[in-house]
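Step one of this worksheet: look at the structure below.
The values are calculated or read from the model by the stated rules, or taken from the named source; none is laboratory data. All of these numbers come straight from a predicted model, not from anything done at the bench. Cβ placement follows ideal geometry from the backbone for every residue including glycine, while neighbour counts extend to all protein chains displayed.
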Amino acid sequence: MVRNILQKVKVFFKQGLNPKELAMSITFAIMIGIFPIYGITTAILTILALRLKLNLPLMLAVSYILTPVQIFGIVVFLRTGEFFLGLEPLGLDLQSIKEILSAGFIRTLQVLSGSFMTAIFGWVLIALPFSLFLYIFLFQIFKKFKIWRLRKESEQN
């Protein structure tokens, strides 16, 4: 299994990705892939990849793999935001959701938009520090892997 993963990482190095670009691609994909608003991650990742010249296919693949985590994370980020902002927890049981939806379109938007902002606040508190550590960790791994690969190639020549 480890050998299979290393083979896949080698492909990205052969495409010209350096350790920094590879670490940034994966970090942004994870950070945006768990963003608590479902359905906009592809657009955000596309913009980031084009502006920063990162690997879009890799970023999208990582993001799509994280879809279940993103859906579960919405509740985690919402609860985190509610806790830090001192807000009353939004009821997420079936009855509470029915009440929110039956209150009318405008009221539903008011409740849910506030909840989305609360979830985004929770995401910022958790995802940004995690992403910084993840980037440093991945960069070090990919740098060591590149050095190892270069040594192995020079030994073969």
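What the table below lists for this structure:
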quantity: Failed condition for Gly73, given (1) buried (at least 18 other Cβ atoms within 10 Å of the Cβ); (2) at positive phi; calculated: (2)
quantity: Whichever residue in the range 138-157 is in contact with a helix residue (DSSP H, G or I) (Cβ under 8 Å, 6 or more places away or on another chain) and among the aromatic types (Phe, Trp, Tyr) and, among such residues, is modelled with the highest pLDDT; calculated: Phe139
quantity: Pairs where the first residue, in the range 23-46, is in contact (Cβ under 8 Å) with a residue 40 or more places away in the chain and the second is of a type in the set (Ser, Thr, Tyr), C-beta under 6 Å, 6+ apart; calculated: Ala23/Tyr135; Thr27/Ser131; Thr27/Tyr135; Met31/Ser131; Phe35/Thr41
quantity: Among the residues listed as Arg79, Arg51, the single one being among the charged types (D, E, K, R) and surrounded by 14 or more Cβ atoms within 10 Å (Cβ to Cβ); calculated: Arg79
quantity: Considering residues of the range 118-135 that are exposed (fewer than 12 other Cβ atoms within 10 Å of the Cβ) and either polar (S, T, N, Q) or free of Cβ contacts under 8 Å to residues at least 60 places away in the same chain (or both) only, the residue farthest from Ser25 (Cα to Cα); calculated: Pro129
quantity: Residue check for Leu58: in contact with a Phe, Trp or Tyr (Cβ under 6 Å, 6 or more places away or on another chain), of a type in the set (A, V, I, L, M, F, W, C) and surrounded by 15 or more Cβ atoms within 10 Å (Cβ to Cβ); calculated: no
quantity: In the range 106-117, residue surrounded by the most Cβ atoms within 10 Å (Cβ to Cβ) [restricted to those that are of a type outside the set (S, T, N, Q) and in contact with a helix residue (DSSP H, G or I) (Cβ under 9 Å, 6 or more places away or on another chain)]; calculated: Phe116
quantity: Test: residue in the range 141-156 that is of a type in the set (Asp, Glu) and more than 27 Å from Asn18 (Cα to Cα); calculated: no
quantity: Condition check for Pro89: farther than 20 Å from Phe130 by Cα and in contact with a Lys or Arg (Cβ under 9 Å, 6 or more places away or on another chain); calculated: yes
